[in-house]
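Notes follow once the structure below has been shown.
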Amino acid sequence: MRFATIRTDQGDTRAVRVEGETLVDLGLADVGELLARPDRAELAVRAGEPVAGFAGFAPVVPNPGKIVCVGLNYRNHILEMGRELPEYPTLFAKYPEALVGAYDEIRLPPESDKVDWEAELAVVIGARVRRADEAEAEAAIAGFAVLNDVTMRDWQYRSPMWLQGKTWEASTPFGPYLVTPDELEGGVRPSLTLTGWVDGEQVQQADTADLVFDPVDLVRYVSTILTLNPGDVIASGTPGGVGHARKPARYLADGSVLATEITGLGRSEVKAVAEPAAR
């Protein structure tokens, strides 16, 4: 199944089931609320009226409790960055203020002139889980979505800790859809192709077969550290082709159009807009 959080012309948001061109109202504010409901399975399939007044896609989970990101998780990206394959996942955090909808604008802050792109597969959690074994980790995956971990490289590398380059406000398109594993080849270990474009030029493409740690591995590992709850998100890392690794390096500019597509999950396309300099 396919779900989304949409904005309406009434100024609110609604969780919807996507049936072709029809958006069926599920009677809830957003997909995060749907995932948190114990009767989620029944709510997901119930009959509903088509939503009137569609005004765009919000982040598919607008306010996740946790966004855990994984660095250096595609073999080709690890090699282009001149590093060795990791023994354990490299983890950092992102916060909900960073998220925007799949067709919103992203902000280029005046404090950074090295804003880079990172097409990613997002894993969305659908069940509370701690210290998951493989079967529990598989069962905890509600589905997958498109995400781009837009990164301010100059701030990322100010210190050995990456956080300050990774969670700038209104920088991270997420969605448009949450797609359940049964819709995808490979299920909870989906076989998907990620592609990224900047101003119509393809800059990234890779298959999820190149992941060092797959979605089930990541749920097991992260849930060892802390409890994962419905609506939490794991951004599983980016493949090669990022701008910072190019020679010469290339970054997003005011007016750049950044598109991210994953087979079976849909496409986001956002315009980068420079924020005015701070006074």
Check: Residues Asp232, Asp214, Asp210: which one is more than 23 Å from Pro96 (Cα to Cα), under 16 Å from the mean Cα position of the chain (by Cα) and not polar (S, T, N, Q)?
Finding: Asp214
Item checked: Given (1) of a type outside the set (Ser, Thr, Tyr); (2) free of Cβ contacts under 8 Å to residues at least 40 places away in the same chain; (3) in contact with a strand residue (DSSP E or B) (Cβ under 9 Å, 6 or more places away or on another chain); (4) farther than 25 Å from Pro62 by Cα, index of the condition Pro160 fails -> (3)
Notebook entry, point to check: Does region 256-278 include one or more residues that are without any contact (Cβ under 8 Å) to a residue 24 or more places away in the chain and surrounded by fewer than 20 Cβ atoms within 10 Å (Cβ to Cβ)?
Noted result: no
Next item on the list: Go through region 125-155 and count every residue that is within 14 Å of Asp217 (Cβ to Cβ) and small (Gly, Ala, Ser).
Entry: 4
Note to self: Going through Pro50, Pro38, Pro86 one at a time, which residue ends up being more than 30 Å from Asp254 (Cβ to Cβ), open to solvent by less than 50 Å² (accessible area, probe 1.4 Å) and modelled with pLDDT under 95?
What the structure shows: Pro86
Next item on the list: State whether one or more residues within region 230-252 are at pLDDT 95 or above, in contact with a helix residue (DSSP H, G or I) (Cβ under 9 Å, 6 or more places away or on another chain), farther than 29 Å from Arg83 by Cα and not acidic (Asp, Glu).
Entry: yes
Checklist line | Single condition Glu201 does not satisfy, out of (1) on the phi < 0 side of the Ramachandran plot; (2) touching a residue at least 24 places away in the same chain (Cβ under 8 Å); (3) of a type in the set (Asp, Glu) | finding: (2)
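Every residue, every condition in (1) more than 13 Å from the chain's Cα centre (by Cα); (2) open to solvent by less than 40 Å² (accessible area, probe 1.4 Å); (3) hydroxyl-bearing (Ser, Thr, Tyr), yes or no:
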| site | (1), (2), (3) |
| --- | --- |
| Glu97 | yes, no, no |
| Pro110 | yes, no, no |
| Ile125 | no, yes, no |
| Val129 | yes, yes, no |
Notebook entry, point to check: In region 180-188, is there at least one residue being closer than 23 Å to Ile262 by Cβ, among the polar types (S, T, N, Q), surrounded by fewer than 23 Cβ atoms within 10 Å (Cβ to Cβ) and out of contact with any Asp or Glu (no Cβ under 9 Å at 6 or more places or on another chain)?
Noted result: yes
Margin query: Within region 164-267, considering only strands (runs of 3 or more DSSP E) that don't extend past its boundaries, which have at least 2 residues that are touching a Pro at 6+ places or on another chain (Cβ under 7 Å)?
Written below: 201-207
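Yes/no per residue for (1) under 10 Å from the mean Cα position of the chain (by Cα); (2) under 17 Å from His244 (Cβ atoms):
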position	(1), (2)
Ala135	no, no
Asp149	yes, yes
Tyr157	no, yes
Phe174	yes, no
Next item on the list: Mind listing whichever residues of region 163-188 are out of contact with any strand residue (DSSP E or B) (no Cβ under 7 Å at 6 or more places or on another chain) and closer than 18 Å to Ala249 by Cβ?
Entry: none
Margin query: It is to be established whether one or more residues within region 157-174 are in contact with a Phe, Trp or Tyr (Cβ under 6 Å, 6 or more places away or on another chain), within 21 Å of Leu34 (Cα to Cα) and either at pLDDT 95 or above or of a type in the set (Phe, Trp, Tyr) (or both).
Written below: no
Check: Does Arg131 count as part of a loop (DSSP other than H, G, I, E, B) and at pLDDT 95 or above?
Finding: yes
Next item on the list: Collect the residues in region 90-113 that are among the aromatic types (Phe, Trp, Tyr) and more than 18 Å from Gly237 (Cα to Cα), keeping them in residue-number order.
Entry: Tyr103
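The values are calculated or read from the model by the stated rules, or taken from the named source; none is laboratory data. For clarity, every value in this text was computed on a predicted model and none was experimentally measured. Neighbour counts are summed over all protein chains in view; Cβ atoms, including those assigned to glycine, are modelled from backbone coordinates with ideal geometry. Heavy atoms of the whole protein, side chains included, go into the accessibility calculation; ligands, DNA and RNA do not. Shrake-Rupley method; radii C 1.70, N 1.55, O 1.52, S 1.80 Å.
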